[in-house]
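Report on the following structure.
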Amino acid sequence: MSEKIDSAIEWATGCCAGVSDTPKLDAEILLAYCLGKPRSYLYSWPEQLLAPEEWHHFQALVDKRLLPTPVAYLLGEREFYSLTLKTSPATLIPRPETELLVETAIDLCPGDFATNLLELGTGNGAIAIALKVHRPKMNIVATDISADCLDLARQNAIDHSVTIDWIQSDWFAQIETGRKFDMIVSNPPYIPALHPCLEKGDLPAEPLDALSPGETGLEALQRIIADAPAYLKPGGYLLLEHGFDQQDAVASLMKASHFTDINCKLDLNRLPRVSLAHI
Ligand SMILES: C[S@@+](CC[C@H](N)C(=O)[O-])C[C@H]1O[C@@H](n2cnc3c(N)ncnc32)[C@H](O)[C@@H]1O
């Protein structure tokens, strides 16, 4: 028993509707992956019959999607800043909002200057690798508390032929005292521990430590903002992603740590997402 491409998509779209906001897109991405073809192939050949093994593979992937397993984990990759990066359940799946952090850092760093940059909480390396690809002269140190994240980040750096200094560290703990950077960037965990969104959609499948730092959601931002001045050169920048409702709290913390020119950028949904300031 097999199916045509269009009816297989229709079946999977119905199945995924309960776990995804984009059920048809998920169905198409998974089927294209099973066939080893681009999504456009599905539109060109809707009447094509799937081979029995393709249909079985597709059904098995859809079953996993319903657990729910995020599409990025099923495929083992996700696109970020036009780069294809490996993902795994050890790391957060890079989000489109985070491209704003990369864009802001790139705008502040001239391409002909060897900016010394520190990224805290690198996950699969998305931010550090995108920066290094677009600003090859940067010297980048990227940290994470998780060794599994750093293993994946190293593989992604090899795939994109960039060199980054990866350090396993609890925020600044393993960064040499007295070492100074031109810029520190981070997308730390910032969701309050009991926030209902942690139970919704694909979030339960992602590592909790990557999503939530504790009860208030501000714990990691607080630590980073308090310690960053000691690791910045005079005039050095701190760029932080945060929740859309954390802009004022982040600005107060930055002010208390003597940062100036505090600014916040809006994401694609016009929500406050990236705060920046310099010392
Ligand atoms: C929101 S994720 C961001 C991952 C990646 N930078 C991105 O934007 O897709 C936060 C990352 O911080 C790391 N992390 C959590 N607590 C940490 C800590 N105490 N010290 C360093 N990294 C930490 C997590 O392992 C996770 O990779």
(Q) Residue pairs, Cβ under 6 Å, 6 or more apart or interchain, first in the stretch 92-111 and within 17 Å of Ala72 (Cα to Cα), second open to solvent by less than 60 Å² (accessible area, probe 1.4 Å) and of a type in the set (Lys, Arg). List them. (A) Glu97/Arg273
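Residue-wise test of (1) within 12 Å of the ligand (Cβ to nearest atom); (2) farther than 20 Å from Pro204 by Cα; (3) surrounded by fewer than 19 Cβ atoms within 10 Å (Cβ to Cβ).
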| site | (1), (2), (3) |
| --- | --- |
| Leu75 | no, no, yes |
| Phe80 | yes, yes, no |
| Leu101 | yes, yes, no |
| Ile106 | no, yes, yes |
| Pro110 | no, yes, yes |
| Phe113 | no, yes, yes |
| Gly123 | yes, no, no |
| Ile127 | yes, yes, no |
| Ile158 | no, yes, yes |
(Q) If the requirement is being surrounded by fewer than 15 Cβ atoms within 10 Å (Cβ to Cβ) and without any contact (Cβ under 8 Å) to a residue 60 or more places away in the chain, which of these qualifies: Trp45, Trp55? (A) Trp45
Q) Do you know which of the residues in the stretch 160-178 that are assigned to a strand (DSSP E or B) and exposed (fewer than 15 other Cβ atoms within 10 Å of the Cβ) is farthest from the ligand (Cβ to nearest atom)? A) Asp165
Q.
Condition first: assigned to a loop (DSSP other than H, G, I, E, B), aliphatic (A, V, I, L, M) and within 12 Å of the ligand (Cβ to nearest atom). Can you find one or more residues in the stretch 140-152 that meet it?
A. yes
Q: Could you tell me whether any residue of the stretch 234-242 is aromatic (Phe, Trp, Tyr), assigned by TED's automatic domain parsing to the domain that holds Lys265 and under 20 Å from the mean Cα position of the chain (by Cα)?
A: no
Q: Could you check how many residues of the stretch 82-99 are of a type outside the set (Val, Ile, Thr), buried (at least 17 other Cβ atoms within 10 Å of the Cβ) and within 11 Å of the ligand (Cβ to nearest atom)?
A: 5
Q.
Suppose we filter the stretch 193-218 for residues that are within 11 Å of the ligand (Cβ to nearest atom) and at pLDDT below 95; how many remain?
A. 0
Q) Does the stretch 188-199 contain at least one residue that is in a strand (DSSP E or B) and assigned by TED's automatic domain parsing to the domain that holds Leu100? A) yes
Q) When you go through (1) within 16 Å of the ligand (Cβ to nearest atom); (2) touching a residue at least 24 places away in the same chain (Cβ under 8 Å); (3) surrounded by fewer than 17 Cβ atoms within 10 Å (Cβ to Cβ) one by one for Val185, which number turns out not to apply? A) (3)
**Q.** Residue among Leu276, Leu232, Leu208 that alone is in contact with a strand residue (DSSP E or B) (Cβ under 8 Å, 6 or more places away or on another chain) and either open to solvent by 20 Å² or more (accessible area, probe 1.4 Å) or under 18 Å from Thr98 (Cβ atoms) (or both)
**A.** Leu276
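The values are calculated or read from the model by the stated rules, or taken from the named source; none is laboratory data. Model, not experiment: these values are computed from the prediction. Note that each Cβ is placed from the backbone with ideal geometry, even for glycine, and that neighbours are counted across all protein chains shown. Keep in mind that these areas ignore ligands, DNA and RNA; they rest on the heavy atoms of the full protein, side chains included. Shrake-Rupley method; radii C 1.70, N 1.55, O 1.52, S 1.80 Å.
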